[in-house]
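Here is the structure we will look at.
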Amino acid sequence: MKKLAGVLLTLMTMLFAGCTVGPKYARPDVPSAPSDAFKETDGWEVSQPSDQLQRGAWWELFGDSQLNALENQLTVSNQNLKIAQARFEQARAAIRFNRAAQFPTISTAPSIASVRDSANRPYFSSTSTTGDFALPFDLSYEFDLWGRVRRTVAASREEAQATAGDLETVKLSLHAELAFDYFELRSADAQKRLLDDTVKAYRDALQLTVNRFDGGAAPKSDVAQAQTQLDTTLVQDTDVSVQRSQFEHAIAILLGKPPASFNLPPVPLDLQPPAISAGLPSQLLERRPDIAAAERRVDEANEQVGIARAAYYPTVVLSATGGFEGNSITNWFTWPSRFWAVGPSALETLFDAGRRRATNQSALANYDATVANYRETALTALQQVEDNLAALRILEQEAQQQKQATASAQESLQIFNDRYIGGADPYLQVITAQTIALQNERNDVDILRRRMDATVLLIKALGGGWDTSQLPTTAQLGKPAQVQAPKDIQKSAN
């Protein structure tokens with residue numbers, strides 16, 4: 001027993017003296033904006049901006065109860081979101097799988113057998129039949145002297161955090177896509193209402209030309225022109241329904257429903273985009289889940305470099321076995337039937353034709369690739385914010401200009417219509433004024449649609465109120481996930 005204690009003491013000393021080989025992690029630098037503000041906010045102040053997006057329910061900023069209800073349905077019903085959630089739970093399980101290597105593995109294989117020796121076996125001429133009753137216990141434990149196991153656990157933890165970032169990215173993208181499709185649909189409703197009203201006005205104008213023709217005050221060509229204008233607008237009115245149907249179907253799929261069972265009553269878009277503060281470029285790195293996921297994968301790649309370097313060092317394993325073995329049931333568990341063996345072993349690769357070197361080079365190349373991906377993700381995020389800030393700034397000016405142009409077109413139409421009734425102008429002037437007025441009114445609706453879309457995309461580019469503090473901690477990742485098995489699997493298990 002003294003020898004056994006000495007062996008264990010030596011092994012414990014080796015364990016605690018173990019070190020972690022490989023590089024320490026440092027977050028890579030990323031290209032940053034040359035100033036403390038986004039380029040597209042220079043000289044443009046958003047009136048009464050929202051200082052902080054609402055965490056999670058950012059869509060409530062638009063003040064649309066129907067949109068809020070749809071977004072809440074998406075959270076519980078979208079299939080892509082369930083896929084991302086399952087991937088996250090799978091990554092969490094991988095942590096516990098790899099962490100198990102930090103503890104001994106104990107196994108047993110009890111057996112009962114009747115053994116008859118061969119009469120023709122070498123060196124023995126007699127035969128015998130004996131019993132073999134065995135109850136062995138085997139223990140195996142790898143001493144993590146070089147940090148390979150610790151780095152493997154750390155890498156799986158960082159992958160789980162990255163997968164949590166992927167989950168948040170999917171959530172943000174799906175909710176933004178729903179809001180985008182919703183405003184596109186409502187814009188189609190607004191176009192439909194405008195065209196319906198226009199068709200009604202053009203029917204009145206057609207009746208006016210018919211009356212004037214019947215009274216001999218207008219030529220037949222005026223009636224033909226009015227009829228053509230009405231028919232052309234009817235085509236546009238009908239065509240809007242195609243686009244609306246497509247967006248309604250897209251929303252149904254986002255909610256996890258077949259299009260045939262989903263319907264949204266027409267409600268024309270009648271909202272104004274909320275003012276959103278973009279904050280500072282330096283804050284964007286902490287507010288985008290895709291950037292956080294890319295950064296976590298850089299850390300994971302760094303761990304893989306350490307794991308590859310640990311392969312150059314010997315693997316030390318403590319193996320132990322013990323139990324009881326007898327030749328009959330009566331002496332199976334007696335003290336003389338005991339047996340045990342314990343001791344360490346070391347394995348070192350002396351020649352592998354460059355395999356470990358290639359593995360190390362591959363890990364280094366993968367690290368470089370993840371760093372480049374992290375930096376590219378950050379640059380893309382900056383571009384997306386700048387793009388949508390520019391869109392909102394320019395569209396705000398365009399909306400004011402368009403409002404003025406629409407008012408001028410309506411005034412022009414009224415003048416030409418009055419002059420036609422008075423016989424001062426031909427009906428062609430009225431047709432031209434009608435076309436210009438309708439196009440300007442449709443531009444009004446379209447610019448509002450683009451402003452709403454740009455606001456949604458800006459919120460998405462800013463992370464939707466998310467920040468890195470919402471990534472799961474080590475303690476949270478270590479807790480077993482409560483995953484409900486599908487009903488068909490439960491039935492087969494029963």
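The values are calculated or read from the model by the stated rules, or taken from the named source; none is laboratory data. These numbers were taken from a predicted model, which means no experiment stands behind them. Positions of Cβ are backbone-derived with ideal geometry, glycine not excepted, and every protein chain shown enters the neighbour counts. With ligands, DNA and RNA removed, areas are computed over all heavy atoms of the protein, side chains included. Shrake-Rupley method; radii C 1.70, N 1.55, O 1.52, S 1.80 Å.
Only one of P336, P344, P274 is in contact with a strand residue (DSSP E or B) (Cβ under 9 Å, 6 or more places away or on another chain), under 30 Å from I106 (Cα atoms) and surrounded by 13 or more Cβ atoms within 10 Å (Cβ to Cβ). Can you tell me which?
Just a single option satisfies the conditions, and that option is P344.
For the stretch 248-270, indicate whether the set of residues that are closer than 29 Å to N443 by Cβ, assigned to a helix (DSSP H, G or I) and either free of Cβ contacts under 8 Å to residues at least 24 places away in the same chain or open to solvent by 40 Å² or more (accessible area, probe 1.4 Å) (or both) is non-empty.
yes
What strands (runs of 3 or more DSSP E) lie completely within the stretch 97-188 and have 2 or more residues being of a type in the set (A, V, I, L, M, F, W, C)?
By residue number, 111-116, 129-143.
Just to be sure before I move on: is A218 of a type in the set (G, A, S), touching a residue at least 60 places away in the same chain (Cβ under 8 Å) and open to solvent by less than 60 Å² (accessible area, probe 1.4 Å) in the structure I sent?
yes
Looking at the structure I just gave you, is R356 in a helix (DSSP H, G or I), open to solvent by less than 70 Å² (accessible area, probe 1.4 Å) and of a type in the set (K, R)?
The answer is yes for R356.
Out of all the residues in the stretch 273-302, which are touching a helix residue (DSSP H, G or I) at 6+ places or on another chain (Cβ under 8 Å) and outside any helix (DSSP H, G or I)?
If the condition is that a residue be touching a helix residue (DSSP H, G or I) at 6+ places or on another chain (Cβ under 8 Å) and outside any helix (DSSP H, G or I), then P273, P274, I276, A278, G279, R288 are the ones that fit.
Given the options A381, A390, A372, name the one that is of a type in the set (A, V, I, L, M, F, W, C) and at pLDDT 95 or above. Step through it out loud before you land on a result.
Working: A381 fails: at pLDDT 95 or above; A390 fails: at pLDDT 95 or above.
That would be A372, the only listed residue that is of a type in the set (A, V, I, L, M, F, W, C) and at pLDDT 95 or above.
Say we look at the stretch 412-469 and pick out the residues that are in a loop (DSSP other than H, G, I, E, B) and either among the charged types (D, E, K, R) or open to solvent by 50 Å² or more (accessible area, probe 1.4 Å) (or both); which of these is nearest to Q397 (Cα to Cα)?
Once the filter is applied, the top-ranked residue is D467.
Please work out if T152 is over 26 Å from Q73 (Cβ atoms), of a type in the set (S, T, N, Q) and open to solvent by less than 50 Å² (accessible area, probe 1.4 Å).
Working: over 26 Å from Q73 (Cβ atoms): yes; of a type in the set (S, T, N, Q): yes; open to solvent by less than 50 Å² (accessible area, probe 1.4 Å): yes.
So T152 passes the test.
For residues that are touching an Asp or Glu at 6+ places or on another chain (Cβ under 6 Å) and of a type outside the set (S, T, N, Q), tally how many sit in the stretch 151-169.
Residues flagged as touching an Asp or Glu at 6+ places or on another chain (Cβ under 6 Å) and of a type outside the set (S, T, N, Q) within the stretch 151-169 amount to 5.
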